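Step one of this worksheet: look at the structure below.
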């Protein structure tokens, strides 16, 4: 539902309202613009709370156009009145309008995160908030979104601040450009024409760059100020050409307005995360908004009831507060209702509404109207110190009340339990075939008494974990999890991507052993490496040949972010040649199912299935050999991220998951192809789940670092069942094969 974050990982739908209410500050206010603000924020909120409409994230584009129109209009009018643009006045207004409420929401969100979540996630929210406060959130989240190892982490409750950062970065540059162009012009008409030409040129350059960047690196393009500038510049162009727009015949204005509104609705229906964005698909809402704004340039819109009415006007007034509050409430609320539902959705809307109304009337509007930051001589000409002081006092009272909310909650709710039931069941007695060294790995989740006992014991441990009512004292602790920690741990104890020149550094097991095993695949194969080393380390040399995000099936793919990944096919071809050169006795392969979403062809549905099937068939044929055992491991079904689901108000049930149909469909496809090619296939479902239910931890050991990749500790504990699976594959191999 939230899905947020890189266009493909959790965050893609956030947009900020056109920040300052400069229309009112300039002495005029358009109801159609307030209606557009309301429509935009309702689309964004609807997308985040209900998952509908699918294209609700286009609300950001509506906001950007309105922002460009209002801010540029303010700058042009100021130059017309005074012959110059005061940067100090401009940024005083920006600070008064933007910073107080934005800071309030950040402070409350950080406090609530520490109260509700675990310490590690609280620190992550604080770190994200620091970037947001500095108006650099877009680059921060773009960096996270383009990094595969950070893309699957918990959704940040302040991720929506990225678009506010885009605006503020744009307004560091744009006022100077406007002032420079207007200063160079001698006559008013010349200045206006020059500014229009500069705006068009900048708009075209930004749009052209965005067309290329949206295809080459979609996640970075989505967050980029350069890629988004053209949307603000469309609004700026409208502001520069207002004298021309006023000449539009009155009879044509309703038609233009309704056409624009229709384009926005069309965008909501047809734009999705799979389409190149922001260019060219953002053009639909951008030019739809431009038509509505242009139609209203000559006077009040009288025939546009969906936008021009008292309800939409008020929602437009508080749209900035609505936007800032809604996403933290959405994310924090999931701690109480991990599966969502009607009650959760209703609560989110109610809490968001209350917080927004309070912050608007007690903080946002009073401070914006105040003389705060103005020079002393100007404050003396304002409405008076008493009124100013009363407004600021009300604002700080609201700040105190809102900050006190999570603190009160902390006093009324216990923190996450430091200890709970600890499962320390002993392994079944008896002897039988176990690990090659005949021993039991320390802390193993399974016994060493033969394949049936190993799996049965593991199933019992899984079942016990599913029955827990309190969180046990996990080791490693929640604060030590996360994909970054996993990344560093795997580098320290093994290998990640194995470069052609680094083969010797990624050989494990017994260096004197004659049998050789090669492991190929992406990061899911990497996460199985501790289990493979525990199973085969005494009797095999183990050569790792892995590359993150590079699936084993032979089909062109991109990074999960959508960025080109030419290294993947080259690496795959090289590693296949290495397998032939090494001529191993055993080849183990594993790959993520989610890599299917990174096909260069952008195929979906049956077309994607067909492409992957052909690619997997080609890979299995290429890796097979007459004296070689080829085994394919199904990836783990996954579970909830412990850093997300372990909260002060939750229980272990919140961390359980049910295997989705996509995992079953993908494994069924792999089984069919493996059977056709005579390749052994290991369905690993029972290693992680009881029937279709999967815990996030087994005993006191977290199963996953991030909900997808196995922790080093749990993977190592799977050594005995890994050994049993490989032994069974070898035993089932046709004689003479």
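The values are calculated or read from the model by the stated rules, or taken from the named source; none is laboratory data. Please read all numbers here as calculations on a predicted model, not as lab measurements. Positions of Cβ are generated from backbone atoms using ideal geometry, with glycine treated the same way; all protein chains shown enter the neighbour counts.
Summary of values
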quantity: Complete set of residues in the range 477-493 that are in a loop (DSSP other than H, G, I, E, B) and farther than 25 Å from residue 685 by Cβ; calculated: 477, 482
quantity: Scope the range 534-546; condition in a strand (DSSP E or B) and surrounded by 22 or more Cβ atoms within 10 Å (Cβ to Cβ); matching residues; calculated: 542, 543, 544, 545, 546
quantity: Flag for residue 549 being in contact with a strand residue (DSSP E or B) (Cβ under 9 Å, 6 or more places away or on another chain), assigned to a loop (DSSP other than H, G, I, E, B), assigned by TED's automatic domain parsing to the domain that holds residue 711 and closer than 22 Å to residue 711 by Cα; calculated: yes
quantity: Subset of the range 530-550 that is free of Cβ contacts under 8 Å to residues at least 60 places away in the same chain and within 28 Å of the chain's Cα centre (by Cα) - its residue that is nearest to residue 213 (Cα to Cα); calculated: 550
quantity: Conditions (1) modelled with pLDDT under 90; (2) in contact with a helix residue (DSSP H, G or I) (Cβ under 6 Å, 6 or more places away or on another chain); (3) assigned to a helix (DSSP H, G or I): number failed by residue 7; calculated: (3)
quantity: Filter pass, residue 520 being touching a helix residue (DSSP H, G or I) at 6+ places or on another chain (Cβ under 8 Å) and farther than 23 Å from residue 639 by Cα; calculated: yes
quantity: Subset of the range 505-533 [crowded, with 21+ Cβ neighbours inside 10 Å and assigned to a helix (DSSP H, G or I)]; calculated: 523, 524, 525, 526, 527, 528, 529, 530, 531, 532, 533
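Here is a yes/no grid of residues against (1) in the same structural domain as residue 462 (by TED's automatic domain parsing); (2) farther than 22 Å from residue 730 by Cβ; (3) crowded, with 20+ Cβ neighbours inside 10 Å:
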| position | (1), (2), (3) |
| --- | --- |
| 625 | yes, no, no |
| 630 | yes, no, yes |
| 633 | yes, no, yes |
| 643 | yes, yes, yes |
| 651 | yes, yes, no |
